[in-house]
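S.K.: I have a structure here, written as structure tokens, and I will follow up with some questions on it.
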Amino acid sequence: MFKIGFNAAMLISSVFFFFMFFSSFLSRQKADRTREYSENLRLQKKLPHAIVIGVKKGGTRALLEFLRIHPDVGAPGPEVHFFDKRYGNGLEWYRQQMPSTLSDQLTIEKTPSYFVMKDVPRRVYEMSPSVKLIVVVRDPVTRAISDYTQQLSKRPNIQSFEKFVFVDDQSKVINSSWAAIRIGIYAKHLRRWLDYFSLAQIHFVNGERLVTDPAGQLAKVESFLGLRPIIKPSNFYYNETKGFPCLRKSGESIQCLGKTKGRIHPTISEEVVERLRAFFRPFNERFYRMTGRNFGWS
Ligand SMILES: Nc1ncnc2c1ncn2[C@@H]1O[C@H](COP(=O)(O)OS(=O)(=O)O)[C@@H](OP(=O)(O)O)[C@H]1O
């Protein structure tokens with residue numbers, strides 16, 4: 001009698017606990033679904049709050065990939081090229097290229113050719129006069145060699161750097177219409193942006209320091225964008241073989257930029273490098289005066 005009563009009690013309490021467990025499982029699932037649903041409602045594709053407008057070969061990919069580890073930042077992977085090549089597609093098309101983000105997340109895109117294109121400052125201003133702009137600048141001499149190295153990697157039979165860089169072999173006048181040189185005259189391009197935007201709206205990242213002290217440069221970008229200071233030196237790992245910092249992802253995994261970033265440059269004679277330095281010097285000095293910052297390119 002006692003045994004039957006005991007077994008019945010055990011059965012009833014097992015059924016009770018099963019129901020308790022099952023109903024709490026169901027309500028947790030419901031809460032998860034509700035949270036997911038309301039987050040989906042809050043997710044939106046937004047026009048960018050900030051744009052990395054240049055410069056080509058300055059370190060723009062590194063900057064964007066480093067910034068993307070910030071939880072309050074959303075950015076499309078590929079360059080969008082809206083304001084230079086796809087403007088005819090319209091602003092709605094541009095918005096659709098952006099990732100879906102929560103209301104308190106910032107949307108950022110990078111297209112380094114924007115910095116040097118004539119109509120782009122006006123077009124960006126027409127989209128948003130308050131947009132924040134970021135320019136990664138690098139010594140224009142190494143930038144030119146980096147640009148040439150990229151061209152060479154695509155077309156290995158092109159003529160030498162020395163052939164491109166001078167107007168002719170005799171005069172040794174620098175060919176400023178060659179894009180690799182033209183892009184490095186930062187003062188000229190910045191002038192056009194300052195017709196539309198105040199200097200306070202433009203942040204300059206030091207491309208050399210982005211390699212030697214990525215966390216320091218990212219801290220300045222976070223502050224410029226009004227982001228929480230989250231990115232730390234521990235987020236980076238210096239890859240000795242590559243000679244560049246890589247991202248330390250969760251756990252021990254390391255993510256470096258691809259093979260097209262950090263290419264080995266061809267050796268350019270000291271004489272040519274000196275002529276280039278002399279060519280860029282007055283433009284660099286003008287750029288330092290305009291920005292109020294000396295980037296120390298000799
Ligand atoms: N962490 C890290 N890893 C690899 N490369 C780095 C990094 N930080 C800056 N850089 C420098 O970025 C240069 C390429 O610049 P961009 O990304 O602006 O190039 S592009 O305009 O988008 O083609 C690239 O130029 P090259 O060295 O000539 O390849 C690098 O010098």
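The values are calculated or read from the model by the stated rules, or taken from the named source; none is laboratory data. The model shown is predicted, which means the values in this text are computed figures rather than measured ones. Please note: Cβ atoms are built from the backbone with ideal geometry, for glycine as well, and neighbour counts cover all protein chains shown.
S.K.: For region 182-203, enumerate the residues that are within 16 Å of the ligand (Cβ to nearest atom) and within 15 Å of the chain's Cα centre (by Cα).
M.R.: His203 - this is the single residue of region 182-203 that is within 16 Å of the ligand (Cβ to nearest atom) and within 15 Å of the chain's Cα centre (by Cα).
S.K.: Looking at Lys261, is it in a loop (DSSP other than H, G, I, E, B) and surrounded by fewer than 18 Cβ atoms within 10 Å (Cβ to Cβ)? Before the answer, list the steps.
M.R.: On the way: in a loop (DSSP other than H, G, I, E, B): yes; surrounded by fewer than 18 Cβ atoms within 10 Å (Cβ to Cβ): yes.
Considered against the rule, which asks whether it is in a loop (DSSP other than H, G, I, E, B) and surrounded by fewer than 18 Cβ atoms within 10 Å (Cβ to Cβ), Lys261 comes out as yes.
S.K.: Would you mind stating whether Ile108 is at pLDDT 95 or above, within 16 Å of the ligand (Cβ to nearest atom) and in a strand (DSSP E or B)? It would help to see each step written out before you state the result.
M.R.: Details: at pLDDT 95 or above: yes; within 16 Å of the ligand (Cβ to nearest atom): yes; in a strand (DSSP E or B): yes.
So Ile108 fits the description; yes.
S.K.: For residues in region 204-253 being outside any helix (DSSP H, G or I) and of a type in the set (Asp, Glu), which is nearest to the ligand (Cβ to nearest atom)?
M.R.: Step one: filter region 204-253 for residues outside any helix (DSSP H, G or I), giving 204-206, 213, 226-232, 236-253.
Those still in the list that are of a type in the set (Asp, Glu) too: 213, 240, 252.
Working: Asp213: 11, Glu240: 13, Glu252: 18 Å.
Of everything passing the filter in region 204-253, Asp213 is nearest to the ligand (Cβ to nearest atom).
S.K.: A follow-up question, please. Within region 123-143, which residues are assigned to a helix (DSSP H, G or I) and under 15 Å from Leu91 (Cα atoms)?
M.R.: As a first pass, look at region 123-143 and keep what is assigned to a helix (DSSP H, G or I): 123-127, 140-143.
Correct list: Arg123, Val124, Tyr125, Glu126, Met127.
S.K.: Given the condition surrounded by 18 or more Cβ atoms within 10 Å (Cβ to Cβ), within 22 Å of Gln255 (Cβ to Cβ) and within 14 Å of the ligand (Cβ to nearest atom), answer yes or no: does some residue in region 82-102 qualify?
M.R.: Within region 82-102, not a single residue is surrounded by 18 or more Cβ atoms within 10 Å (Cβ to Cβ), within 22 Å of Gln255 (Cβ to Cβ) and within 14 Å of the ligand (Cβ to nearest atom).
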